[in-house]
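**Student:** The structure under discussion is supplied below as structure tokens; questions concerning it will follow.
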Amino acid sequence: MRDGNQPPKTRPVPDDLLDRVETISEAIEELVRRSPDDECLTLLDRQRRESRMSLRTFHERAKSVQAALLERGLRPGGKVVLALPTGVELIAGYFGAMFAGGIPALAATPSHRVADPSIYQRTLGNILRNAEAQVLYCGPEVVDVVRGADVIPVETAVMGPDDVAQGSAAPDTLILSGDDVATIQYSSGTTGAQKGILLTHRAMLGYTRSLRDGLALSPADVNVNWAPLYHDMGLFGAFLLPLLCGCRTVLIPTMDFLRDPALWLWAIHDYRGAVSWAPNFAYSLCAKRISDKEIEGLDLSSWRVAANASEPVLAQTVQSFADRFGPYGYAPEAMTPAWGLAETVMVGTVQPVDAAPAIDVIDRECLVRDGRAEPTPGDGLASVATGRCLPGFELEIRDDEGRPLPERRVGGIWLRTETLFSGYHKNPELTARVLVDGWVDSGDRGYTVAGDLYFVSRAKDLIIIGGENHVPHDIETAINGVPGVREGCAVAFGVTNLERGTEDLGAVVETREQGTAALDELARAIRLEVTRCFGLGIRHLRLVPPGGIVKTTSGKIARHATRERYAQEFDSA
């Protein structure tokens, strides 16, 4: 293998560990007692430099963070928001807060794609206020962005890794009950009023068991991932799952992957990676951007679970990735589409391991007109199965009145499991709407065939670009502020890009401006403002006269109807 890297030895974990302990903290403490010198984590950067970390190493650092938090008066149940890049300090901060009896919540670090710092300031401020954070644990890059912006509540203390003394003595880990909240998970992305999803220790441990069994995960499976840890896919799939199941894990900084996608594949080669999580766009990116020269000698034959989740899985991407990397040992049955939501911790359905994804070609007109997914031998919509329920999960497709629907009827996707979230932090009204009689309304729409779930669309209007969520309302607000736009008459939405394997940003905007020169100038101003605010480019922009935006009888904009009005134009662009 390149550079002499060798996969670490298998790290034994008792089979009944997740059944015996009540909290994540207890599980970690037992793992450290049993095998303190076992290497559990390797950090790999773009220069292929690695840093291996033992259970003892991160545990000692976490205990030092615990001591520092207690010195700052962190109380049991107090919230600690962590905004750090993937690395030892983020991991130590996460467990240090938990060991102190606090509740960690992860937030993204500033994005270089967003030129306007007020966007990040507002997002972080919303999280701090919603969490009622006692402490913001962050690095200097966060402090520099928020300095002087008045976004950190006065009751929130700010501290960073430099404030933590190495080897500080700390009291014993505070052991809580399984029903106590272990983590507040905030939605990914840089826009929108993010919801705080409350996850208990019991839910997280139970979910880990379900996902372990659903993937047939064993301690021999090396996990290689680059997903950011503030995302549920990163925190649970890329980190907590392998840690608690005794798997070795290799973490790559997200930006290093985006700059050099081949780094991910070479890490799978070097460490004989078996499991990795990524959104659909990442597979498409690798299939199209990586040259033959970059992967001479690559061997992906160890890869048995290429989990594809967090955004719609496209049939074209599944095929193009298999075609591109089949000659390098990649098996088509490794592709493992999955679907879920943070309210059930992470994914709830997973394609059966070692089975190639099922693809259902359905009649587009029947889907739109009747809400039925009828197979067609002709040129239809290729829909990829996102698998079956994990152990302990139940799924129903329901109509708008909440009645179960038969196979091939499109409706709302509802899930039930013992690992459901316990509610949205400080939002009982939304909790009551989404969590009904032990079932969670995902807000997504889909259908089933022979037990497999097929995702169709999102009812939440979210735009997902590269696995990152964007709220249309925020983008529309920025557009509405551009002179020449009819205020309140902008609609933003996602347009599937089969080549890129993700969505592009589209917008329909009303204006009274006329003439080619004036319209071109307005379009330029709109594109610049969206890029300045969000780091996003508008690929599809249609300027229309008054009346071009579809509205409801109450005067509200109808995003889906507006998108459908111009669908043929956007889809053919």
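All of the numbers you see were taken from the coordinates with simple rules; none came from a lab. Values in this document were obtained by computation on a predicted structure and should not be read as measured data. Ideal geometry is used to build each Cβ from the backbone, glycine not excepted, and the neighbour counts take in all protein chains shown.
**Student:** Could you tell me the relative contact order of segment 302-354? Use alpha-carbon pairs under 8 Å, at least six residues apart, and round to a whole percent.
**Tutor:** Once normalised by length, the contact order is 42 percent.
**Student:** Based on alpha-carbon centroids, what's the gap between segment 60-139 and segment 219-249 in Å, whole number please?
**Tutor:** 20
**Student:** Moving on to the next point. Could you tell me which of rounded, prolate or oblate describes segment 340-413, using a ≥ b ≥ c as the square roots of the eigenvalues of the alpha-carbon gyration tensor, with rounded for a/c under 1.5 and, failing that, prolate when a/b is larger than b/c and oblate otherwise?
**Tutor:** Cα axes put segment 340-413 in the oblate bin.
**Student:** State, to one decimal in nm, how far the label point of ARG56 lies from the label point of LEU258, with both points 7 Å from Cα in the Cβ direction.
**Tutor:** Each label point lies 7 Å from its Cα, and together they span 3.8 nm.
**Student:** Taking θ as phi - 60°, what are the ³J(HN,Hα) couplings along segment 506-518 by the Karplus curve (6.51, -1.76, 1.60), each to the nearest whole Hz, with x for Gly and Pro?
**Tutor:** x, 8, 10, 10, 7, 8, 9, 5, 9, x, 4, 5, 5
**Student:** A further question on this structure: Go through 77-88, 375-386 and give me the packing order, highest mean Cβ count within 10 Å leading.
**Tutor:** Put in order of decreasing packing, that is 77-88, 375-386.
**Student:** Another one. Determine, from the Cβ-Cβ distance of LEU174 and LYS293 and an R0 of 45 Å, the FRET efficiency 1/(1 + (r/R0)^6), rounded to the nearest 0.05.
**Tutor:** Between LEU174 and LYS293 the formula returns 0.25.
**Student:** How large is the Kirkwood hydrodynamic radius of segment 10-259, counting all unique pairs of alpha carbons, in Å?
**Tutor:** When all Cα pairs of segment 10-259 are included, the Kirkwood radius is 18.3 Å.
**Student:** Would you please state which residues of segment 430-460 a label at ALA355 would reach in this model, taking the label point 7 Å out along Cα→Cβ and a backbone N cut-off of under 11 Å?
**Tutor:** 450-453
**Student:** Given (1) 1.06; (2) 0.96; (3) 1.02, which label gives Rg/Rh (Cα atoms, Kirkwood Rh) as computed from the coordinates?
**Tutor:** After the calculation, the listed value that fits is (2).
**Student:** Also: Using a Förster distance of 60 angstrom, determine the FRET efficiency expected from the C-beta separation of ALA525 and ASP162, and round it to 0.05.
**Tutor:** The computed FRET efficiency comes out at 0.90.
**Student:** Now, a different point. Most exposed first by the Cβ proxy, i.e. fewest other Cβ within 10 Å, how do VAL550, VAL250 rank?
**Tutor:** Going from sparsest to densest Cβ surroundings: VAL550, VAL250.
**Student:** Along the charge dipole of segment 471-571, which of VAL471, GLY537, LEU505 sits closest to the positive end, that is, farthest toward it, with unit charges on the beta carbon of Lys, Arg, Asp and Glu (+1, +1, -1, -1)?
**Tutor:** Toward the positive end, the furthest listed residue is VAL471.
**Student:** Then there is this: Any chance you could run the full-extension gain for GLU401 through ARG372? It's 0.36 nm times the residue separation minus the Cα-Cα distance, nm to one decimal.
**Tutor:** So the extension gain works out to 8.7 nm.
**Student:** Which of the peptides 466-478, 517-529 is most tightly packed, and how do the rest follow, judged by the mean count of other Cβ atoms within 10 Å per residue?
**Tutor:** 466-478, 517-529
**Student:** Something else: Sequence-distant or interchain residues sharing an amide H contact under 5 Å with VAL250, placed H: which?
**Tutor:** Placed amide hydrogens put THR42, ASN223, VAL224, ASN225 under 5 Å from VAL250.
**Student:** Do the sum for the chain: with -39,500 (n - 2.57) for every DSSP H run of n ≥ 4, divided by all residues, what is the mean residue ellipticity at 222 nm, to the nearest 500 deg cm²/dmol?
**Tutor:** My calculation for the chain gives -9000 deg cm²/dmol from helical runs alone.
**Student:** Rounding to the nearest 20 debye, state how big the charge dipole of segment 10-259 is about its Cα centre with +1 on each Lys and Arg Cβ and -1 on each Asp and Glu Cβ.
**Tutor:** The dipole of segment 10-259 has a size of about 460 debye.
**Student:** Suppose each label sits 7 Å from its Cα in the direction of the beta carbon; what would the GLU22-ASP45 distance come out to in nanometres?
**Tutor:** 4.3
**Student:** Quick check: from the Cα gyration tensor, does segment 203-281 come out rounded (a/c under 1.5), prolate or oblate?
**Tutor:** Cα axes put segment 203-281 in the oblate bin.
**Student:** Segment 409-515: which trypsin sites (Lys or Arg not before Pro) are DSSP loop and have at most 15 other beta-carbon atoms within 10 angstrom?
**Tutor:** Answer by residue number: LYS426, LYS460, ARG512.
**Student:** Please work out how many pairs of lysine residues in the chain are eight or more positions apart (or on different chains) and have Cα atoms closer than 29 angstrom.
**Tutor:** Taking the chain as the scope, the lysine pair count is 13.
**Student:** Which order do the peptides 397-405, 219-227 come out in when sorted by mean C-beta neighbours inside 10 angstrom, highest first?
**Tutor:** 219-227, 397-405
**Student:** Given a Förster distance of 41 angstrom, what is the FRET efficiency for GLU394 paired with GLN568, based on the Cβ-Cβ distance and rounded to 0.05?
**Tutor:** 0.60
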